[in-house]
Amino acid sequence: MKRLFLLSILLLILPLVSATVISLTTTVSTDTMTENTTKIHVELLNSGDESANNVQISLISDFESNPIFVGTLMPNVPFESDSNVSLKKDISPGNYPLVVLVDYSDANGYPFSSVSPSSIVYKTPTVSKISVAISELTLSGKQSKKLTITVRNLDDVSHELDVKLILPRELKVVDGERTILIQPKEEKELNFDVSSFSALAGSSYVILASIEYEHEGLHYSSLGRGIIKIIEKSGIVELPSWLPVAVIVALVAVFIYYQFRGKKK
């Protein structure tokens, strides 16, 4: 009877630790754009244990490129593709942010997205003197919270900065683009109202902040990376992720003990 009880508990708890996961890693390599077009190379890897469906890769940038349709991305089966990139308009030589947006869905058809940072050089490489840091944020339900971005000017001259917060589709921001003036060796904090639109509890989303400015006919850019975690609504106690495993280990130990005890008798 005790054995039957223990086996029933094991069968009830086992699904808690067998949830499947999709975990995408995006890598982008680019060549310096000397004319109006160039190629970028995109690599995509799903290191989770569930296939990602309806996968599509597109760019968020000042450059044009056709979306890349991947289809189904199996776990640990890398995908690689080249894509042509061209100018949308006349721009200054320099370094520009190149953000890769990946759309996909899980086995239930629920849509997800992710953003990944990269950059592209148009004619002349430049090195930005602006650093950016994003505070980590935790959201629950549909609540809105302040996300803080810290911008530092390491240069000896002032700059007019175009600041843009870039989020996956599941998150939203109020007034996500700003223009600010920053003095030499100055630090500024910018607050953005961020909330969940369709993000699922238990998920973590990479977010990006791009900083761009012009100086003496050249373009400069920086990209900062942060994390927003989505948890259950307040009032619901979130159990540690290791707890179901610990309970199973304990029950298995008890089960083995009774097995040996029964044999001795």
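Every read-out reported here was derived from the displayed coordinates using simple, explicitly stated rules and does not represent laboratory data. Here the structure is a predicted model, which is why all the values come from computation and not from measurement. Heads up, the Cβs are rebuilt from the backbone with ideal geometry, glycines too, and the neighbour counts pull from every protein chain shown.
Key figures
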{"read-out": "Point-charge dipole on Cβ atoms (K/R +1, D/E -1) for the stretch 127-234, about Cα centre, debye to 20", "value": "640 debye"}
{"read-out": "Distance in nm between pseudo-label sites at SER47 and LYS172 (7 Å out along the Cβ direction from Cα)", "value": "3.3 nm"}
{"read-out": "Computed E for LEU154/ASN191 - FRET, C-beta separation, R0 22 angstrom, nearest 0.05", "value": "0.50"}
{"read-out": "Order of PHE63, PHE69 - criterion: other Cβ atoms within 10 Å of each residue's Cβ, fewest first", "value": "PHE69, PHE63"}
{"read-out": "Estimated FRET transfer efficiency when R0 is 30 angstrom, pair ILE180-SER86 (beta carbons, to 0.05)", "value": "0.50"}
{"read-out": "Around ASN36: net Lys/Arg minus Asp/Glu count, Cβ-Cβ under 14 Å", "value": "-1"}
{"read-out": "Share of pairwise Cα separations in the stretch 127-234, more than 21 Å, in percent", "value": "37 percent"}
